[in-house]
Amino acid sequence: MIGERIKALRKQKKMTQTQLAEGIVTKSMLSMIENGKAEASMRSLRELASRLDVSMQQLLTDPKEAELQSLVEKLEFEEMQLISLPDQEIRETLKPYLQTEMNSVWQGKAYMLYGDTYFQEGDSERVLAYYDRAIEIFEKLGESEELAMGRISQAYYLLMWNRYEESIERIEVIELLDAKYMKTKTRTEYAMLIVFKNLLCNEDLEGAIQQLEGALDYMKRTMIYYRADDVYRTISICALYLNDEKKIRESLRKAKQYIQFTEDRLAEIKVALSEALYAMEFRYVELLGKNIKLMESLTTAKDPFIASIAMAKGVYYALQGETDKGREHLLELWENRDEWTTHSLVDIAIYYEGLLRGTLNGCGDDWVPVIREKVAEFPRGLFRKRLELLLQQIKG
């Protein structure tokens, strides 16, 4: 790659190989460097850079890699803001940067973004294959943080696809890494992955909360508060299933503190939904209604269908005894299930719970046979037990 840049700069300066090489390396050596058949010493590179009238950094930095870095950072930001381009457009944008090997961390990140575009299409093998390419690059470059993030993302995907044994294998590999040396982002994503696994499979909710509180302690020490609001929200969900109301309220209060001055609409909706789940679990109808109003105030007519809001509204009216209104919103949720079948199993389990609560409160049972069939595919953990209990109550 450096050879190609030397050649391009030489031609740009209208210099012959002889003119550039004189007094630095032989002409034949320069030819081999330019064609990737030999490597130049750092002394030779400094002298070549000087003769080409560029800095060492300009010589060593591939302009295409710099372009890719800018593009990847832009796509990652848009993804976080939920304003990303259509999947096909992302693929077309990234494809030119994946056709030749760059030996760059940014190409590894690009492979992960490229793989993500196949998730909605249900093409799990392509998703995993592109992540494998990224992981190969990170391993080759010794990028331990990016390597961990790649494996964490693969494990998340496998959990969502009900491929638990494969996911656990990847989690065990990540566990071999010493979390003490992980940076804030990686440590937080790893803690969230362990919680996800525990919610679905192990039911070790106390251990999950400890993982999350450990990530928060590290944030305080490093003064880098990556996804702190999400971490507190997740603690509140774990506490919800432990029936620990004090911990729920405390965690939600802290989550609200973190988003109070951010004007992050999506974060506000997430926290409101978490509090709505708390209200549904303990049948706090007034609190549920308050959070539904808040979520609706944060959305617009242009926003896509939001399954969580439809579910919360259906349960709210069901608990109020307004079964017609409750059924209307729960049917909307059910009829739009293609919109949320690619969500995580945790999300899907929560939507199923909402639908079954509606059934228990007289809002219909259109969805019960399908849910009963789907529940059998869940791992034998917390959510499967909760859904089976609701189904048993419906069956009487």
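Looking at the range 314-348, which of its residues are surrounded by 22 or more Cβ atoms within 10 Å (Cβ to Cβ), touching a Phe, Trp or Tyr at 6+ places or on another chain (Cβ under 7 Å) and either of a type in the set (Gly, Ala, Ser) or more than 28 Å from residue 120 (Cα to Cα) (or both)?
The answer is 326, and nothing else.
Please work out if residue 253 is without any contact (Cβ under 8 Å) to a residue 60 or more places away in the chain, within 26 Å of residue 306 (Cα to Cα) and out of contact with any Leu (no Cβ under 6 Å at 6 or more places or on another chain).
Details: without any contact (Cβ under 8 Å) to a residue 60 or more places away in the chain: yes; within 26 Å of residue 306 (Cα to Cα): yes; out of contact with any Leu (no Cβ under 6 Å at 6 or more places or on another chain): yes.
Here the answer is yes, as residue 253 does meet what is asked.
Going by what's in this entry, would residue 65 be described as closer than 30 Å to residue 302 by Cβ, surrounded by 12 or more Cβ atoms within 10 Å (Cβ to Cβ) and at pLDDT below 90? If you could, list the steps in order and put the result at the bottom.
Values: closer than 30 Å to residue 302 by Cβ: no; surrounded by 12 or more Cβ atoms within 10 Å (Cβ to Cβ): yes; at pLDDT below 90: yes.
No, not satisfied.
Search the range 9-62 for residues being under 25 Å from residue 102 (Cα atoms) and acidic (Asp, Glu), and hand back the single one that is modelled with the lowest pLDDT.
62
Has the range 174-195 got at least one residue that is buried (at least 21 other Cβ atoms within 10 Å of the Cβ), within 20 Å of residue 387 (Cβ to Cβ) and modelled with pLDDT of 85 or more?
The answer is yes; a qualifying residue exists.
Tell me, which residue of the range 257-303 that is assigned to a helix (DSSP H, G or I), out of contact with any Leu (no Cβ under 6 Å at 6 or more places or on another chain) and basic (Lys, Arg) is surrounded by the fewest Cβ atoms within 10 Å (Cβ to Cβ)?
293
From (1) in a helix (DSSP H, G or I); (2) surrounded by fewer than 16 Cβ atoms within 10 Å (Cβ to Cβ); (3) assigned by TED's automatic domain parsing to the domain that holds residue 108, pick out the condition that doesn't hold for residue 250.
Tallying (1) in a helix (DSSP H, G or I); (2) surrounded by fewer than 16 Cβ atoms within 10 Å (Cβ to Cβ); (3) assigned by TED's automatic domain parsing to the domain that holds residue 108, residue 250 fails exactly one: (3).
Between residues in the range 304-333 that are charged (D, E, K, R) and residues that are part of a helix (DSSP H, G or I), which pairs lie under 6 Å by C-beta distance while being six or more apart or on different chains?
Final answer for the pair search is 313/292; 313/329; 325/317; 332/310.
Residues in the range 353-366: is at least one without any contact (Cβ under 8 Å) to a residue 12 or more places away in the chain, in a loop (DSSP other than H, G, I, E, B), charged (D, E, K, R) and surrounded by fewer than 20 Cβ atoms within 10 Å (Cβ to Cβ)?
In the first step, residues of the range 353-366 are kept if they are without any contact (Cβ under 8 Å) to a residue 12 or more places away in the chain; the result is none.
Looking through the range 353-366, none of the residues is without any contact (Cβ under 8 Å) to a residue 12 or more places away in the chain, in a loop (DSSP other than H, G, I, E, B), charged (D, E, K, R) and surrounded by fewer than 20 Cβ atoms within 10 Å (Cβ to Cβ).
The values are calculated or read from the model by the stated rules, or taken from the named source; none is laboratory data. Because the structure is a prediction, the values reported are computed rather than measured. Positions of Cβ are backbone-derived with ideal geometry, glycine not excepted, and every protein chain shown enters the neighbour counts.
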